[in-house]
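The values are calculated or read from the model by the stated rules, or taken from the named source; none is laboratory data. Quick caveat, the model's predicted, so the values are computed rather than measured. With ideal geometry, Cβ positions are generated from the backbone for all residues, glycine too; neighbour counts draw on all protein chains shown.
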Amino acid sequence: MLLKDILSVNGKPMKHIVYFLIFITVMNYSCKSKEGSTSKLIVIDPQHFHAALVQKVANPLIDENVHLFSPSESKTAGYRSLIQQYNSRQENPTHWVIKEYYGADFLTKAFEKDNGDIVVLAGDNKEKINYIAQSVAQVKNVFADKPLVIDIQGYQKLKEILSDPKSSNLVYDIMTERYDVKNILIKELVNNNTFSGGFESNSKNPLIQFNSIHHFIKSVSGKSLVRPSMFYDVSRQGEGLVDVTTHYIDLVQWILSPEKAIDIEKQLKLVASERWSTIVTQNDFIESTLESSYPTSFNSFINKDGNLDVFSNGKMSYSLDNVPVSISVQWNVKSLDGKGDQFNAFFDLKNLYIEVKPDTNGKSSVFIKPKYSSQNFEFSLIEAIKSIKSCPGVSFMKEDNSYKLVIPEALYLSHEDHFAKLLNQFMVYKNNGNIPDWERSFMLAKYYLTTEALRTAKIKK
């Protein structure tokens, strides 16, 4: 069974099969690997919960013994708590054994012995590129949460690592949005030129737009989300232009240049970028982090009114293969309208528009609107959807002048399932001995755009 068919069996969508199919797929690839040996994880400084999500689903090619290295035990509390939850759950429990080391020399200790061959990184985004460099120098593979780098200096280091012809180690960032069924459908529909018509050439207006709104203070699964204080330190977390934007840039590349290497100098052009801050009061900060006050290291970010200026917002305009793109990310303190985080995407094609937005029930949905009146459009839409074999059972319903795609619930995967599938893909690459050139070029193009956009951004008042 191919990865693209992981959501269906005999052409019919089924629920609760993703873990089983991941197991089967990994076992098939493990039989083809040179040695078929299991890998061991080295988890370094896991200050972001995504480090734990990598381990939510057991993988038959990953050893259950995991080595954890961090400067202090307190920084790993969230990680260890989630691992304990995974180990103790009733359905499909994991059996991770965490071997911990804490101390100022944690990075040296991580590589003193043969503790493992895959380094997992999710936390301090400023230090991440240094962790990557040392991991590669120690002949380790790296599976890292985004962003890999947050400034132009970091990008230059990443470029050296990924462009080194002597290195056989894998460096891979976690781009989960490729596994969202809505994005899979959009990719297939956009690239069906008979149906979509493709993009107009030399357009002066953006033909692809991504806009997202996020909130510092919010509830997740009925509980208030507690953020680490580092989240508000953009010198370590990264600004809005270099953080969330990585997912959207990756989607643009994945849609416009599927599995084709990108030449930065010939295919990419950054047009403009801007950045602006969100004001976070000390009370907001305390509510969000449960800390008693701002850390002293935040003094340079505090304005004359005693509040934090967090440059978490940004907008960039660029083109890929002459298709103009606009990406905007904004962070508010709280959702005042009760709608919570919001995401919108818009694709302006020759024959139609594709839009991702909340439906009347508030659920993120895909809408297709024809540009021209045609009696054959519904038939063309049926044929286009039918041709997407990886997404069986998709239909549509007409709403005003648009068509809303009706996607079976069985095709939706959770954020955690996205991590399991991406780790599975990483293991496939590892067993093949390399990451494809197009994946490597995607990372370089992506982080060139984010860091160059930050370097040249104008401040918006």
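Considering (1) surrounded by 15 or more Cβ atoms within 10 Å (Cβ to Cβ); (2) at pLDDT 90 or above; (3) not β-branched (Val, Ile, Thr), the lone condition that Phe49 does not fulfil carries the number (2).
Taking the stated definitions as given, is Lys269 part of a strand (DSSP E or B), in contact (Cβ under 8 Å) with a residue 40 or more places away in the chain and more than 16 Å from Val333 (Cβ to Cβ)?
Details: part of a strand (DSSP E or B): yes; in contact (Cβ under 8 Å) with a residue 40 or more places away in the chain: yes; more than 16 Å from Val333 (Cβ to Cβ): yes.
Considered against the rule, which asks whether it is part of a strand (DSSP E or B), in contact (Cβ under 8 Å) with a residue 40 or more places away in the chain and more than 16 Å from Val333 (Cβ to Cβ), Lys269 comes out as yes.
Inside the stretch 432-457, residues that are crowded, with 19+ Cβ neighbours inside 10 Å, under 15 Å from Val252 (Cβ atoms), over 15 Å from the mean Cα position of the chain (by Cα) and not aliphatic (A, V, I, L, M) make up a count of 2.
Which residue out of Asp284, Asp305 is free of Cβ contacts under 8 Å to residues at least 60 places away in the same chain and charged (D, E, K, R)? Walk me through how you get there before you give the answer.
Values: Asp284 fails: free of Cβ contacts under 8 Å to residues at least 60 places away in the same chain.
None of the others qualify; the one that does is Asp305.
When you look at Val366, is it within 24 Å of the chain's Cα centre (by Cα) and either touching a residue at least 60 places away in the same chain (Cβ under 8 Å) or assigned by TED's automatic domain parsing to the domain that holds Val190 (or both), yes or no? Working first, answer last.
Values: within 24 Å of the chain's Cα centre (by Cα): yes; either touching a residue at least 60 places away in the same chain (Cβ under 8 Å) or assigned by TED's automatic domain parsing to the domain that holds Val190 (or both): yes.
So Val366 fits the description; yes.
Within the stretch 77-100, track down each residue that is within 22 Å of Lys40 (Cβ to Cβ), not hydrophobic (A, V, I, L, M, F, W, C) and not in a helix (DSSP H, G or I). Answer for the stretch 77-100, where residues must be within 22 Å of Lys40 (Cβ to Cβ), not hydrophobic (A, V, I, L, M, F, W, C) and not in a helix (DSSP H, G or I): Asn92, Pro93, Thr94, His95, Lys99, Glu100. Can you spot a residue in the stretch 395-405 that is among the acidic types (Asp, Glu), assigned to a strand (DSSP E or B), more than 30 Å from Val244 (Cα to Cα) and more than 27 Å from the chain's Cα centre (by Cα)? Yes; the residues of the stretch 395-405 include at least one that is among the acidic types (Asp, Glu), assigned to a strand (DSSP E or B), more than 30 Å from Val244 (Cα to Cα) and more than 27 Å from the chain's Cα centre (by Cα).
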